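What follows is a single structure, written as structure tokens, with notes after it.
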């Protein structure tokens with residue numbers, strides 16, 4: 001059964017070359033002929049060519065292997081014109097070819113269809129899949145059938161209310177994915193980095209925070225106050241637990257044991273809290289807020305603009321705009 005492959009044209013730069021030369025191409029190791037290469041061969045060549053990009057090599061190996069070995073004659077191929085917001089669809093008509101005369105020397109011949117597919121006519125699920133940042137990837141049979149159906153039928157404009165609904169669904173999906181990615185990034189930090197992150201959050205909220213010295217914190221990992229000396233209220237005491245397991249009630253009681261009236265307390269646990277711990281916090285006589293990974297991520301998004309340069313290097317995030 002014919003497959004459908006997406007091949008990106010480097011942000012649209014290669015689109016004229018794709019269409020005029022009736023090809024698709026990739027750019028890695030442009031001076032090496034990939035004919036007969038297997039995964040280990042790609043890995044060795046890429047490591048030698050790009051020694052400073054070793055973390056990206058496994059993904060690049062997959063892209064090259066897809067292009068050279070897994071694509072087949074009569075498979076469909078898709079590429080995107082972001083300026084016109086349309087997809088060009090074609091049929092692969094050759095095996096892999098090495099063409100050193102081209103800047104992107106690894107090619108396959110393509111018979112491009114005359115008609116294009118407007119992005120506005122594609123379902124939101126397929127739009128999300130096509131939004132993958134990967135250079136080369138295969139779409140599902142259902143998505144292939146949808147795009148072929150759109151190509152072969154009369155393409156009419158979509159009603160405004162449908163576009164609005166699709167934008168809303170897309171925005172919600174993107175927002176949910178972004179929240180989960182942020183939590184993944186937080187969880188990837190080590191315990192020291194996690195304490196540094198909490199210090200950054202409190203500084204961004206207008207407090208002066210500092211981490212406690214190791215070995216003498218008496219259950220306090222970060223301390224914050226408005227003056228930085230603890231002479232002015234509020235005085236905020238923070239315990240940070242960065243691990244997978246939930247925190248139980250005994251840990252909450254131990255944390256509160258050394259605190260007095262007027263102190264403000266934060267207990268941060270990326271592994272969450274047990275029901276007993278939540279109950280213990282509710283009945284505590286000391287002001288205490290329990291912060292799990294969800295609340296921490298929400299707090300970071302609110303105050304990230306005020307992070308220091310070091311804080312943004314610790315947890316790099318980028319602001320994007322999506323339709324309201």
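The values are calculated or read from the model by the stated rules, or taken from the named source; none is laboratory data. This structure is a prediction, so every number in the text was calculated from the model and none was measured. Because the Cβ atoms are built from the backbone with ideal geometry, glycine has one as well, and the counts that use them run over all protein chains shown.
Are any of the residues in the stretch 201-209 in contact with a helix residue (DSSP H, G or I) (Cβ under 9 Å, 6 or more places away or on another chain), under 22 Å from residue 244 (Cα atoms) and either surrounded by 14 or more Cβ atoms within 10 Å (Cβ to Cβ) or at pLDDT 65 or above (or both)?
yes
For the stretch 14-29, how many residues are in a helix (DSSP H, G or I) and either exposed (fewer than 14 other Cβ atoms within 10 Å of the Cβ) or over 27 Å from the mean Cα position of the chain (by Cα) (or both)?
So the count comes out to 6.
So which residues in the stretch 124-139 are outside any strand (DSSP E or B) and touching a residue at least 24 places away in the same chain (Cβ under 8 Å)?
124, 127, 128, 130, 132, 134, 135
Can you work out which of the residues in the stretch 86-128 that are modelled with pLDDT under 85 and touching a strand residue (DSSP E or B) at 6+ places or on another chain (Cβ under 7 Å) is farthest from residue 7 (Cα to Cα)?
Filtering first and then ranking leaves 102.
Collect the residues in the stretch 63-95 that are over 27 Å from residue 118 (Cα atoms) and buried (at least 17 other Cβ atoms within 10 Å of the Cβ), keeping them in residue-number order.
64, 65, 68
In the stretch 76-122, how many residues are touching a helix residue (DSSP H, G or I) at 6+ places or on another chain (Cβ under 8 Å), in a loop (DSSP other than H, G, I, E, B) and without any contact (Cβ under 8 Å) to a residue 40 or more places away in the chain?
2
Please work out which one of (1) within 15 Å of residue 291 (Cβ to Cβ); (2) in contact with a strand residue (DSSP E or B) (Cβ under 7 Å, 6 or more places away or on another chain); (3) modelled with pLDDT under 90 is the condition residue 187 fails and give its number.
Looking at each condition in turn, residue 187 falls short on (2).
For the stretch 30-75, what are the residues that are in a loop (DSSP other than H, G, I, E, B) and either without any contact (Cβ under 8 Å) to a residue 40 or more places away in the chain or farther than 19 Å from residue 92 by Cα (or both)?
The answer is 30, 31, 32, 33, 36, 37, 38, 50, 73.
Identify the single condition in (1) out of contact with any strand residue (DSSP E or B) (no Cβ under 8 Å at 6 or more places or on another chain); (2) crowded, with 16+ Cβ neighbours inside 10 Å; (3) at pLDDT 90 or above that residue 251 does not satisfy, given that it satisfies every other one.
Result: residue 251 fails condition (1) only.
Limited to the stretch 279-316, what total is found for residues that are more than 21 Å from residue 207 (Cα to Cα) and surrounded by fewer than 17 Cβ atoms within 10 Å (Cβ to Cβ)?
Qualifying residue count for the region: 7.
Please identify the pairs in which a residue from the stretch 4-17 that is within 13 Å of residue 84 (Cα to Cα) has its Cβ atom under 7 Å from the Cβ atom of a residue that is assigned to a strand (DSSP E or B), counting only partners at least 6 apart or on another chain.
Correct list of pairs: 12/81; 15/79; 15/81.
Please name all residue pairs, on different chains or six or more residues apart, with Cβ atoms under 7 Å, provided the first residue is in the stretch 298-324 and is closer than 14 Å to residue 177 by Cα and the second residue is surrounded by 10 or more Cβ atoms within 10 Å (Cβ to Cβ) and at pLDDT 90 or above.
Sorted first by the residue in the stretch 298-324, then by its partner, the pairs are 317/304.
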